[in-house]
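Q: The following block contains the structure, expressed as structure tokens.
The values are calculated or read from the model by the stated rules, or taken from the named source; none is laboratory data. Note that the structure is a prediction, hence the values are computed from the model and not measured. Here the Cβ positions follow ideal geometry from the backbone for every residue, glycine too, while neighbour counts run over all protein chains shown. We work out accessible area using only protein heavy atoms, side chains counted, and drop any ligands, DNA or RNA first. Shrake-Rupley method; radii C 1.70, N 1.55, O 1.52, S 1.80 Å.
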Amino acid sequence: MTDQADTRRLATILSIDIAGFSRASELDDVAAARHVQALRAMVAEQAALHHGRIFNTAGDGVMLEFPTVADGVAGALDIAEAAAEGRKTGLPPIRMGLHVGDVTVLGNGDLIGAGVNVAARVQQRAEPGEVLTTGDVRNLFATQSAAQFTRYGGAQLDKMARQVDLFGLARPAFKPRRSFMHRMPH
């Protein structure tokens, strides 16, 4: 059942989590909690620069919404760079998944729906330090020169009937180091 304030819209969704967080929290839950706080602060700052917002958090996960694909791509790339800088000071790597799709906006501002689920499932497939996108993002952003998309192939998303094309996202000068194709089910 939906609330009368619920609306639907197209949104660019970025799903982020800390790679290896469960194991890290077993070893030192206080340090792991500090890492989550640092991640949320950095992500909120970077998202705001690209008209984005955090709409949900759970554990080490952060979900962001951007109004356009261009804002989402720029935000993801800047968050990836800030996270890479954080690695120099001991922060753990993050994984990110970016997708554009339909969402339902709940009365409290939270987003739910297939667009959110796809972004979360794409993020689960990312390697530490990597941004993965769907073909939907790549197709809408293909004419821009601010990003490089590396095709990784099709993937069946966990707990979903949908199969998506996945792309690594990076700045144009970046060369992906990944054996992703070898672990992707075809």
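Q: Answer with yes or no whether Arg9 is surrounded by 16 or more Cβ atoms within 10 Å (Cβ to Cβ), modelled with pLDDT of 90 or more and basic (Lys, Arg).
A: Judged against the criteria, Arg9 is not a match.
Q: Among residues belonging to the stretch 42-88 that are touching a His at 6+ places or on another chain (Cβ under 9 Å) and in a loop (DSSP other than H, G, I, E, B), point out the one that is least open to solvent (accessible area, probe 1.4 Å).
A: Result: Asp60.
Q: Right, something else. Could you please give the count of residues in the stretch 79-101 that are modelled with pLDDT of 95 or more and either over 16 Å from the mean Cα position of the chain (by Cα) or of a type in the set (D, E, K, R) (or both)?
A: Count: 1.
Q: Residues in the stretch 118-137: is at least one over 8 Å from Gly97 (Cα atoms), out of contact with any helix residue (DSSP H, G or I) (no Cβ under 9 Å at 6 or more places or on another chain) and buried (at least 17 other Cβ atoms within 10 Å of the Cβ)?
A: no
Q: Can you go through Leu91, Leu27, Leu39 and tell me which one is of a type in the set (A, V, I, L, M, F, W, C), touching a Leu at 6+ places or on another chain (Cβ under 8 Å), open to solvent by 50 Å² or more (accessible area, probe 1.4 Å) and over 28 Å from Ala142 (Cα atoms)?
A: Details: Leu27 fails: touching a Leu at 6+ places or on another chain (Cβ under 8 Å); Leu39 fails: open to solvent by 50 Å² or more (accessible area, probe 1.4 Å).
Sole residue among the options that is of a type in the set (A, V, I, L, M, F, W, C), touching a Leu at 6+ places or on another chain (Cβ under 8 Å), open to solvent by 50 Å² or more (accessible area, probe 1.4 Å) and over 28 Å from Ala142 (Cα atoms): Leu91.
Q: Separate question: When the stretch 138-186 is examined, which residues are found to be at pLDDT 70 or above, part of a helix (DSSP H, G or I) and either open to solvent by 40 Å² or more (accessible area, probe 1.4 Å) or touching an Asp or Glu at 6+ places or on another chain (Cβ under 7 Å) (or both)?
A: Matches in the stretch 138-186: Arg138, Asn139, Leu140.
Q: Turning to a different aspect of this structure: In the set Ser22, Ser15, which member is among the hydroxyl-bearing types (Ser, Thr, Tyr), out of contact with any Ser or Thr (no Cβ under 7 Å at 6 or more places or on another chain) and open to solvent by 50 Å² or more (accessible area, probe 1.4 Å)? Steps first, answer last, please.
A: On the way: Ser15 fails: open to solvent by 50 Å² or more (accessible area, probe 1.4 Å).
Of the residues listed, the single one that is among the hydroxyl-bearing types (Ser, Thr, Tyr), out of contact with any Ser or Thr (no Cβ under 7 Å at 6 or more places or on another chain) and open to solvent by 50 Å² or more (accessible area, probe 1.4 Å) is Ser22.
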